[in-house]
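The values are calculated or read from the model by the stated rules, or taken from the named source; none is laboratory data. Keep in mind that what you see is a predicted model, and the values were worked out from it rather than measured. Neighbour counts are summed over all protein chains in view; Cβ atoms, including those assigned to glycine, are modelled from backbone coordinates with ideal geometry.
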Amino acid sequence: MLPIAEVVDDLNRLMAEETEACLRYFQMRFRLRGPNAHAAQQFFDEAITETLDHADALAKQIKALGHVPTLTIKLSLGGETMRPGEALSEALDIEQQALDAYRDFLPRVVGHAELEAFIRRQIDTESGHVESIRAIARSTSPLNLVTKPSSK
């Protein structure tokens with residue numbers, strides 16, 4: 001396992017990425033236009049809550065390690081409109097990046113039982129998000145945009 005200071009740095013980075021995803025989803029829901037935009041807005045409302053919950057859980061892990069969470073985000077988002085399909089494609093990219101980040105981090109915390117278990121849960125959750133978005137994107141029914149499975 002890495003020294004705790006490096007683990008905390010990585011947890012802070014993951015927390016910032018989750019917070020950034022929350023902000024991206026927040027802005028995306030206002031950019032939606034076209035068929036199914038309302039259903040997609042509901043999807044993004046849920047995504048905002050979930051990513052903020054993930055950031056909160058990471059902050060709690062940092063605090064449990066005896067440190068204060070540090071948040072650094074450099075983000076500028078455009079304001080052009082998007083169709084729901086485009087937004088879901090972007091959401092899939094965001095969730096895949098999160099999944100990859102957690103998978104990359106896991107070997108660094110092997111041996112720290114609680115943190116390893118937490119990261120494994122995050123991997124399971126993000127895997128579910130990726131699969132949910134793929135299923136929604138394949139669907140042609142606007143109702144499927146609203147029935148996103150809850151995270152584990």
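Taking segment 14-37 as the range and being surrounded by fewer than 17 Cβ atoms within 10 Å (Cβ to Cβ) and without any contact (Cβ under 8 Å) to a residue 60 or more places away in the chain as the test, the residues that pass are LEU23, PHE26, GLN27, PHE30, ARG33, GLY34. Might you let me know whether segment 119-128 holds any residue that is in a helix (DSSP H, G or I), within 21 Å of GLN27 (Cβ to Cβ), among the hydrophobic types (A, V, I, L, M, F, W, C) and within 13 Å of the chain's Cα centre (by Cα)? Checked segment 119-128: no residue is in a helix (DSSP H, G or I), within 21 Å of GLN27 (Cβ to Cβ), among the hydrophobic types (A, V, I, L, M, F, W, C) and within 13 Å of the chain's Cα centre (by Cα).
With respect to the conditions (1) out of contact with any His (no Cβ under 6 Å at 6 or more places or on another chain); (2) modelled with pLDDT of 95 or more; (3) part of a helix (DSSP H, G or I), PRO69 falls short on a single one, namely (3). Pairs are defined by a Cβ separation below 7 Å, a sequence spacing of at least 6 or placement on different chains, a first member in segment 58-69 that is more than 18 Å from LEU106 (Cβ to Cβ), and a second member that is modelled with pLDDT of 95 or more and part of a helix (DSSP H, G or I); the pairs so defined are ALA59/MET15; HIS67/VAL8; PRO69/ASN12; PRO69/MET15; PRO69/ALA59; PRO69/ILE62; PRO69/LYS63. Within segment 125-152, take every residue that is loosely packed, with under 14 Cβ neighbours inside 10 Å and over 17 Å from SER89 (Cβ atoms) and give me the one that is modelled with the highest pLDDT. Ranking the candidates gives SER141 first. In this structure, does LEU75 turn out to be within 18 Å of the chain's Cα centre (by Cα) and not in a helix (DSSP H, G or I)? Yes; evaluated as a whole, the condition is true for this residue.
Being of a type in the set (Asp, Glu), part of a loop (DSSP other than H, G, I, E, B) and within 26 Å of ARG138 (Cβ to Cβ) narrows it down to one residue among GLU80, GLU86; which is it?
Going through GLU80, GLU86 in turn, just one is of a type in the set (Asp, Glu), part of a loop (DSSP other than H, G, I, E, B) and within 26 Å of ARG138 (Cβ to Cβ): GLU80.
Only one of the numbered conditions (1) touching a Lys or Arg at 6+ places or on another chain (Cβ under 6 Å); (2) outside any helix (DSSP H, G or I) is violated by PHE44, and that is (2).
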